[in-house]
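The values are calculated or read from the model by the stated rules, or taken from the named source; none is laboratory data. Being a predicted model, the structure only gives us computed values, none of them experimental. Reconstructed Cβ throughout: ideal geometry from the backbone, glycine too, with neighbour counts over all protein chains shown. Remember, those area values only see protein heavy atoms, side chains included, never the ligands or the DNA or RNA. Shrake-Rupley method; radii C 1.70, N 1.55, O 1.52, S 1.80 Å.
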Amino acid sequence: MTCPFPPEAGRSTGAARKCLVLAGLLGGAAAALAQSTAPSTAWGTPLGAAASAPGPASGIVARPAPSAFATARASSGATGEYFHDFGELIVRIRSVKWIEEICSEAFPATAQVNERAYDDWLMAHGEFVKEMEAQFEVIERYWANLSPRARGEGFNAKALSAKADANRAGLAQDFHATPATVFQRRCDAYPAVLLSPQLDLEKSQVDYLASVRLGPR
């Protein structure tokens, strides 16, 4: 992503830095999630189920470490920087739908159940999702006001949204890199995980959300 800010004296440095922060965040959110603390509910483990300790001859596949996009982090790492925190939050929000799509593509038999589970999740959290998706337009207006050349450089909400969506490929790769049985177990658990407290993102990501609601600054 090319930052659209010209070298205007007195105001370009901060604006360009914010642009670079967000561009890097949207491109690297998968890594940030991969390094996060394991949530209490992991993909592939229905709510209330305990992890099984594999025996040497039991044939049981050990529960893997949570994948990069397994679930939104239970504890936030917000910095107070709007562009950083929004980049982190929007990838978590969109990953809920991406996981449903990836699982439905890989295991068509789960598609109907998982699609219904996502629709129920979106019904419960739709207003929050709409509020966060609308931040792309807020950012576009903010940057256009800072730099009249922004639109001429082709930087707009649509381009920024596409940059966020580029993280989907890394999420798919993460799921497909696991053994087939683990992959399917995670997908089978999708409806149960959507009911976990971690996936109530408006409450589990309060530090990120508080920063984003203050707007670009």
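Scanning segment 167-200 for residues that are free of Cβ contacts under 8 Å to residues at least 40 places away in the same chain and of a type in the set (S, T, N, Q) yields one hit, Gln173.
Checked across segment 82-102, the condition of being open to solvent by 40 Å² or more (accessible area, probe 1.4 Å) and at pLDDT 95 or above holds for at least one residue. Just so you know, in segment 109-156 the residues that are among the small types (Gly, Ala, Ser) and modelled with pLDDT of 90 or more include one that is surrounded by the most Cβ atoms within 10 Å (Cβ to Cβ), and it is Ala117. Within segment 105-119, being without any contact (Cβ under 8 Å) to a residue 24 or more places away in the chain and either in contact with a Lys or Arg (Cβ under 6 Å, 6 or more places away or on another chain) or under 19 Å from Ala177 (Cα atoms) (or both) holds for Glu105, Pro108. Annotation note: of Arg168, Arg213, the sole residue that is touching a helix residue (DSSP H, G or I) at 6+ places or on another chain (Cβ under 6 Å) and under 20 Å from Ile90 (Cβ atoms) is Arg168. If the condition is being free of Cβ contacts under 8 Å to residues at least 60 places away in the same chain, assigned to a helix (DSSP H, G or I) and within 19 Å of Ala162 (Cα to Cα), then segment 120-151 contributes Val129, Lys130, Glu131, Glu133, Phe136, Glu137, Glu140, Arg141, Ala144.
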